[in-house]
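Below is one structure; the comments refer to it alone.
The values are calculated or read from the model by the stated rules, or taken from the named source; none is laboratory data. Everything numeric here is computed off the predicted structure, so don't read it as measured data. FYI the Cβ positions are ideal-geometry reconstructions off the backbone, even for glycines, and counts take in every protein chain you see.
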Amino acid sequence: MLLKDGIEAVKTIEPVAGIPVSVKLVEREKDIAKIFERFGPHVMQPKFDGLRAEIHYSRKGFANISAEQGLLVEAESDHVRIFSRRMENLTDMFPDLIRAVSYLNVDSVILDSEAIAYDPASGELLPFQETMKRKRKNDIAEMAEQIPIQAHCFDILMLNGKSLLRTPLEERLRIMNDLLKDSGPTLIASESPEVKTVEDAQEVFDRYVEMDLEGIISKGYGTFYDPGTRNYDWIKLKAAANSELADTVDAVVLGYYLGSGARAKFGIGAILIGVPDKKTGEFVSLSKVGTGITDAQFADIRNRLDTIRIDTMPVNVRIAKPLLPDVFVRPEVVVVVEADSISKSKLHGSEGGGYSLRFPRLKVFDRQDKSPEDATSLQELEHLMELAGQ
């Protein structure tokens, strides 16, 4: 509907508990000053490195939904549903969230949140890799005990059957904070400080960076929750020390190179990553990555990639001959890479030239909450270059 009718179609969406809503996405900016040029005073929220979790609750239970309706939810009649940013059903993986949500004093609600593993003894949030250990089909109860989850809720889409999508941001936050004020340590209303000046905003940003968070999301007063859209109503700014880039890059593994020297024993020395070109529908090469990978990770990475190994380059992949990897894989595995800068490249990318990363380092391998199509696009890389003033 969004592709066909544009933003006007979004205004007609009525969220229903149990049916996933396409999440709202963010744009990027270079620094706090640039954000203030767009917003002036606004609301800031911490940017967590977790798993997007859209939480649905219905006290009376969800009505059975037939496959003929084409909805992405199974025909069940329980009370809590939890969906990923890709609308995958994650409910069974989070029994702790199910319990916490079930205690809410509401008839129905939809919350947008970031689920993050944490240490109950210290309150410390754990790395993304720990959170992803919860995304499993076996030993779920045991893992919930070992790695508890907090859902940091940053928006509310529906309450007691009433849509809040077209309710201004500040009113949605007030409603959410009232609902979650006594909800306990598992279900938390994210901080949402209002910043009046650039100096105020910089202080908030610096505080979140010191807490080892990813950065901030800035949100304009009066903005709505428009499902599936990416615009400057929400802007993210990440902490990127020693980097000209305003963000990390989500990329797709296209293949790997056989190891040499000390890495010969692993049979892999580096991976080749690429990004989707939205204009052509192809995945185009971006960079070789061999830094930020431990010896133990090399073995795990090769084992994972060998499960999707293929003999020839896929028809929807473009790699210049000098960069061809020793082993091709299907473009399915999403990775997160940080780099010092981005530059134009005659080798990488499409026929008109693409981009490459300077000193790329692997941060996360196999980010299962994002699809290859959700990776940073060739067009977004161009925007990142503009933000870096390159």
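What to note about this one:
- Selection from the stretch 102-111 of residues that are surrounded by fewer than 21 Cβ atoms within 10 Å (Cβ to Cβ) and of a type outside the set (Phe, Trp, Tyr): 102, 104, 105, 106, 107
- Filter result (under 26 Å from residue 86 (Cβ atoms), without any contact (Cβ under 8 Å) to a residue 40 or more places away in the chain, part of a loop (DSSP other than H, G, I, E, B) and hydrophobic (A, V, I, L, M, F, W, C)) within the stretch 96-133: 126
- With respect to being of a type outside the set (A, V, I, L, M), within 18 Å of the chain's Cα centre (by Cα) and crowded, with 19+ Cβ neighbours inside 10 Å, residue 365 fits the description.
- Qualifying residue in the stretch 305-316 (condition: of a type outside the set (Phe, Trp, Tyr), part of a helix (DSSP H, G or I) and either at pLDDT 95 or above or surrounded by fewer than 21 Cβ atoms within 10 Å (Cβ to Cβ) (or both)): yes
- Among strands (runs of 3 or more DSSP E) entirely within the stretch 195-257, having at least 1 residues that are more than 20 Å from the chain's Cα centre (by Cα) and at pLDDT 90 or above singles out 249-257.
- Qualifying residues in the stretch 371-390 (those that are modelled with pLDDT under 90 and farther than 18 Å from residue 287 by Cβ) - the one nearest to the chain's Cα centre (by Cα): 387
- Here is the figure for the stretch 23-58: residues that are surrounded by fewer than 18 Cβ atoms within 10 Å (Cβ to Cβ) and either over 19 Å from the mean Cα position of the chain (by Cα) or part of a loop (DSSP other than H, G, I, E, B) (or both) total 8.
- Every residue from the stretch 255-298 that is touching a helix residue (DSSP H, G or I) at 6+ places or on another chain (Cβ under 6 Å) and either surrounded by fewer than 15 Cβ atoms within 10 Å (Cβ to Cβ) or among the basic types (Lys, Arg) (or both): 278
- Qualifying residue in the stretch 143-151 (condition: over 22 Å from residue 216 (Cα atoms) and under 21 Å from the mean Cα position of the chain (by Cα)): yes
- Residue within the stretch 3-21 that is at pLDDT 90 or above, in a strand (DSSP E or B), of a type outside the set (Gly, Ala, Ser) and over 24 Å from residue 379 (Cβ atoms) present: no
- Test: residue in the stretch 281-293 that is farther than 21 Å from residue 376 by Cβ and of a type in the set (Gly, Ala, Ser): no
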